[in-house]
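These notes are about the structure you will find just below.
Read-outs: derived from the displayed coordinates by stated rules, not from any lab. Because the structure is a prediction, the values reported are computed rather than measured. Ideal geometry is used to build each Cβ from the backbone, glycine not excepted, and the neighbour counts take in all protein chains shown.
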There are 2 protein chains.
Amino acid sequence: MDKMKERKLSILRAIIQDYIITAEPIGSRTIAKKYNLGVSAATIRNEMADLEEMGLLIQPHTSAGRVPSEKAYRLYVDQLMQIKKLDEIVEKSIRDSYKQYVEQIEKSIELTAKLLAQLTSYTSLVLTPEIRSLNCKLVQLIRIQDERILMVIITKENVVKNHEIVLSQSVEEAELTKLTNILNYFIKDLDISMINSELIKEIDQLSIKENQFLQDIISNLKNVLLDSDNKNTLYSNGMTNLLNYPEFNDIDKVKHFLEIFQEKQTIAELLKNYANGTHIVIGNENTISQFKDCSLLTATYQFNGQNLGTIGVVGPIRMNYDHVVSVLAFLSQELNKQINQNRYSKNTDER
Amino acid sequence: MDKMKERKLSILRAIIQDYIITAEPIGSRTIAKKYNLGVSAATIRNEMADLEEMGLLIQPHTSAGRVPSEKAYRLYVDQLMQIKKLDEIVEKSIRDSYKQYVEQIEKSIELTAKLLAQLTSYTSLVLTPEIRSLNCKLVQLIRIQDERILMVIITKENVVKNHEIVLSQSVEEAELTKLTNILNYFIKDLDISMINSELIKEIDQLSIKENQFLQDIISNLKNVLLDSDNKNTLYSNGMTNLLNYPEFNDIDKVKHFLEIFQEKQTIAELLKNYANGTHIVIGNENTISQFKDCSLLTATYQFNGQNLGTIGVVGPIRMNYDHVVSVLAFLSQELNKQINQNRYSKNTDER
DNA sequence: CCTTAGCACTCGACCTTATAGAGTGCTAAC
DNA sequence: GTTAGCACTCTATAAGGTCGAGTGCTAAGG
């Protein structure tokens, strides 16, 4: 009984692996010949009929071979696949490419998107850290012109964010310096959630005008940190990679798929649902209609143990899951190293 | 003689305008019926034969109608087309959308890309200002950590640019403030080309350490202003729009076309060739192979009379030239207003 | 001499039909 | 339980046929 089941699984695995490569329905003969399972095509045929009954295989039509169902892929990724380590040479070359961007988070993240697409031949999705999840290290106010000022926010993770503010009245250079100092005195190392009205009260001893400025600025700061416009952005690469796969031979499908990439915010929102651990989302398990014909694999990267963002790959359901999982694991690990190295040294021990 | 030529041109215009809409070879009957030229199909047939001999029309095969050649489009845009003003209502709604981003150059430019794509149903290309062409108003140095500092550059046009610098040794807060002041004293209102070694000599009276910092910073500043990595970036919108047109029904064409959009720098370089006035580049007149099947229309936007960047539209050769020209003209004009308004008021009168 | 109606001709688009072959399910023998 | 054999199914591909839009040419008319 168990042995039989074993054989069924072997056959299923063979079919899936073959289909991932060929994208064409697999017949019993093919399996019997290519994979040495020690049984004849007829036996395999019987097993395949069983597997079909179990909802794991689908026959496009009577006289065609069989194709794995989404349920089969689910089974495959949960139980059947064996993840291999990446090639040493590949790993080395990846590490080398990261080296050129040491300490440059943004660049490293962008690179990750490029590498993901290159290494998998699918489409990569990489979410940048959401600034609300970070901790302010420093806020600098710079006078642009009259009542327009630039607010530069630097987080502990050394992520930099600019934001222009228009105040209700003109501000002088000296005043701004003072405001910057006050702001930093209170804000330094604070979590966003602690920047609240109490803070404003604490600084009531300032002149009315300065107080007004500060309120303006703080409300802007909160907006930057919390608002939609400044949410995490998405890097994506290799959109055209998918056009190489026969499942995207249909122009309408391509259009439907590419359109979602015009609205990157939607994808960003989606990825945020997978903000911890790794996920494999197959076909109709996807909530976004554009991804119903695709599979999405995700992993995350961290700073100081805290999740910063999600990296992922979209491809056809007939995806090389083993390989993508390896690539994601390795890249997320390298990106972690890249972000975390040397950062504990001085300023970030307290908390 | 001249009258005959007149009729030929009318027929050609009719064919082109019809083909722009239908994308199908036009027969003599169609022209005779749809466009009241007062002559019979037979006459038109004769004229069409002439036009073909002149290289202005092409017959896909013997028993098909005729299609305009690229030469015909060239003639059309040079002599035949009549540009109409945009609809008042449309113009108003465009102006309204700009209003939300008053004084925010970057946002306004992004909006322009979006509007261009929406209004034309083609793909838009919008180049941001190249910072080298701008004039520094202010440079602010912010200490991130140890020897890492952030350089924020603000130009007269209020374009903001960040750049991280790693110095050869650690720097203190106070030192950095001093350096910022020195830098600004010299740099203010200077054209990039004037930030040179002479400047460095002028400040030789500083301590060796500070001098070293300053040299580091200035060389970095020059890099930002001149280097490839900081060249103008490209906004693009409506890439999928083109998939609606029958000339892009071929997956391979789509792939070929979309691939160039992965390498935006190439397109940016291309657009820089059209940095003044308006241009219409038809089909094989394009230097980029990906655009050989397309036409590219460009215009520019200015600050204080100086060209800042290029805006453009790519679409099928069978493009609605009249309309695109109108849209480009209007948007470039509105973008100009948006950028130039209120900016002369205070700081930018000298020069 | 230019214009136009008439007509035979051309050729791709599309539909129909025929054929080949991959793959199946079933049966009977091992 | 496994396997060889075989009739059957169904798609993909090719081949042939028809239709119609559009042409070029000719000859008649203003």
Cα gyration tensor shape of region B:2-80, rounded if a/c is under 1.5, else prolate or oblate by comparing a/b with b/c:
rounded
Mind checking the alpha-carbon convex hull of the protein assembly as shown and giving the volume per residue in Å³?
224
What are the label-to-label distances in nm, one decimal and shortest first, from B:Gly305 to the same spot in the other copies, with labels 7 Å along Cα to Cβ?
6.3
Distances in nm between the label point of B:Thr177 (7 Å along Cα→Cβ) and its equivalents in the other copies, shortest first, are 0.6
Once the label point is set 7 Å along the Cα-to-beta-carbon vector, what list of distances in nm do you get between B:Asp50 and its counterparts in the other copies?
8.2
Each residue of region B:6-22 in order: what ³J(HN,Hα) in whole Hz does its phi give by Karplus 6.51 cos²θ - 1.76 cosθ + 1.60, θ = phi - 60°, with x for Gly and Pro?
3, 5, 4, 5, 4, 4, 4, 4, 4, 4, 4, 5, 5, 5, 4, 7, 8
Amide H partners (placed H, <5 Å) of A:Thr233, local residues excluded:
A:Thr128
Mind listing the Cα extents of chain B along all three principal axes, in Å, largest one first?
90, 43, 35
Please tell me the relative contact order of region A:2-80 in percent, rounded to the nearest whole number, where contacts are Cα pairs under 8 Å and at least six residues apart.
32
Straight-distance crosslink candidates among lysines, where the alpha carbon sits under 29 Å from B:Lys5 and sequence neighbours closer than 8 are dropped
B:Lys33, B:Lys34, B:Lys71, B:Lys84, B:Lys85
How shielded is B:141-152 by partner chains, expressed as the average number of their Cβ atoms within 10 Å of its Cβ atoms?
4
Need one number: nm distance between label points at B:Ala23 and B:Ser40, each 7 Å from Cα along Cα→Cβ, rounded to one decimal.
3.5
Compute the relative contact order of chain B as a whole-number percentage, counting only Cα pairs closer than 8 Å that sit 6 or more residues apart in sequence.
19
In region A:29-106, the trypsin sites (Lys or Arg not before Pro) that sit in a DSSP loop and have at most 14 other Cβ atoms within 10 Å of their own Cβ are A:Lys84, A:Lys85
At 222 nm, what helix-only mean residue ellipticity would chain A give, in deg cm²/dmol to the nearest 500, using -39500 (n - 2.57) for each DSSP H run of four or more?
-13500 deg cm²/dmol
Separation between Cα centres of region B:292-308 and region B:28-42, rounded to whole Å
39
Report the one residue of A:Met48, A:Ile288, A:Gln212 whose Cα lies farthest in the direction of the positive end of the charge dipole of chain A (charges on C-beta: Lys and Arg +1, Asp and Glu -1; origin at the Cα centre).
A:Met48
Return the average number of partner chain Cβ atoms within 10 angstrom of each residue Cβ along peptide B:247-257.
3
Calc'd 3J(HN,Hα), region A:113-130, phi into Karplus 6.51 cos²θ - 1.76 cosθ + 1.60 (θ = phi - 60°), Hz, glycine/Pro = x, comes to 4, 5, 4, 3, 5, 5, 6, 9, 6, 10, 9, 9, 9, 9, 8, 7, x, 7
Whole-Hz ³J(HN,Hα) from phi, Karplus 6.51 cos²θ - 1.76 cosθ + 1.60, for region B:264-277, glycine and proline x:
4, 4, 4, 5, 4, 4, 4, 4, 5, 5, 10, 7, 9, x
Figure the gain on full extension for A:Lys222 and A:Thr266 (residue separation times 0.36 nm, minus the Cα-Cα span) and round it to one decimal in nm.
13.6 nm
